[in-house]
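The values are calculated or read from the model by the stated rules, or taken from the named source; none is laboratory data. This one's a predicted model, so the numbers in the text were calculated from it and none came from an experiment. Glycine gets a Cβ as well: all are built from the backbone with ideal geometry, and neighbour counts include every protein chain shown. The accessibility values were calculated without ligands, DNA or RNA, using every heavy atom of the protein model including side chains. Shrake-Rupley method; radii C 1.70, N 1.55, O 1.52, S 1.80 Å.
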Amino acid sequence: MSLETLLANTSAWFVAALPDHGISSLVAIALIAGLARGFSGFGAALIFVPLGGAIIGPKLISPVLLVIDGLATLGMIPPAWRSANRREVFTMAAGAVLGVPAGTAALALVDPLMLRWAITAIAICLLALLVSGWRYHGEPLVSLTSTTGLVAGLFSGAAQLGGPPVVAYWLGGKTDFARVRANVILYFAISTCFSVVSYYFGGLFVEAVFALTIVILPSYIIGLYTGSKLFGLAKESTFRMICYLLIAASATMGMPLLDGVLR
């Protein structure tokens with residue numbers, strides 16, 4: 001096969017695999033989601049999944065986020081490994097071993113419309129948890145840490161929405177925000193591995209996932225890099241409020257009632 005033929009076949013596959021609408025919106029949403037993830041260590045899914053799911057559906061948007069986030073955050077893992085409380089992170093990841101496959105099964109089997117409503121409801125509830133200021137202030141017991149990982153893994157498998165339970169648990173202790181951020185980044189690096197295996201066996205890695213990754217990944221990386229730089233410059237409270245507003249807007253606009261707004 002000649003190079004020209006190979007390029008032509010690759011181009012034809014790429015065009016055929018891409019959805020026929022909403023690409024520019026997905027690129028813009030990925031930039032904003034990357035900003036939130038780069039700064040706080042979480043928040044990308046709460047922005048990207050409700051909005052992206054309204055455009056191309058939850059069964060496609062969740063594996064897209066899994067791939068682009070997994071690739072884009074590789075450089076964040078070494079510093080997180082050095083700064084995180086690895087014992088607590090691995091304890092929480094042990095719970096995610098069971099939660100992620102269960103959530104993946106829901107993503108693969110539940111009706112897409114019902115799943116979108118569920119994702120919207122979960123996103124709103126998790127946002128309310130974060131905004132309320134409630135934090136777990138007790139000692140980080142092994143049983144409670146692993147149970148939090150189980151719940152976070154369930155949400156991650158179903159919609160990549162495992163961040164808020166983890167953050168609400170760790171922020172309540174005596175750990176400073178920088179250590180919490182490192183814990184979250186390392187935890188999600190581990191849970192991503194679980195999700196990749198579960199999504200593969202669940203048949204969720206279709207061709208469109210990889211075609212969309214090629215298009216969206218650069219925008220997400222730019223957002224991630226910018227957010228990481230802002231981490232040391234902006235007030236935590238200010239950026240946290242911006243993230244909350246973006247998440248609220250995303251959850252609202254991602255509702256099936258507003259279909260067509262983003263397309």
Criterion (modelled with pLDDT under 90 and either under 27 Å from Ala105 (Cβ atoms) or not aromatic (Phe, Trp, Tyr) (or both)) met by exactly one of Pro78, Pro19: Pro19
- prompt: Which ranges mark the helices (runs of 4 or more DSSP H) fully within the range 23-72 that have 1 or more residues being among the hydroxyl-bearing types (Ser, Thr, Tyr) and surrounded by fewer than 24 Cβ atoms within 10 Å (Cβ to Cβ)?
  reply: 23-40
statement: Expected single match for part of a helix (DSSP H, G or I), in contact with a helix residue (DSSP H, G or I) (Cβ under 6 Å, 6 or more places away or on another chain), modelled with pLDDT of 90 or more and open to solvent by 30 Å² or more (accessible area, probe 1.4 Å) among Ile221, Ile216 is Ile221
message: Looking at Ala16, Ala80, Ala96, Ala102, can you tell me which residue is farther than 20 Å from Ile216 by Cβ, open to solvent by 20 Å² or more (accessible area, probe 1.4 Å) and not aromatic (Phe, Trp, Tyr)?
response: Ala102
- prompt: Quick one: would you say Val89 is modelled with pLDDT of 75 or more, out of contact with any strand residue (DSSP E or B) (no Cβ under 9 Å at 6 or more places or on another chain) and either open to solvent by 20 Å² or more (accessible area, probe 1.4 Å) or among the polar types (S, T, N, Q) (or both)?
  reply: no
message: Could you tell me how many of the residues in the range 96-146 are of a type outside the set (Val, Ile, Thr), under 19 Å from Phe48 (Cβ atoms) and at pLDDT 80 or above?
response: 3
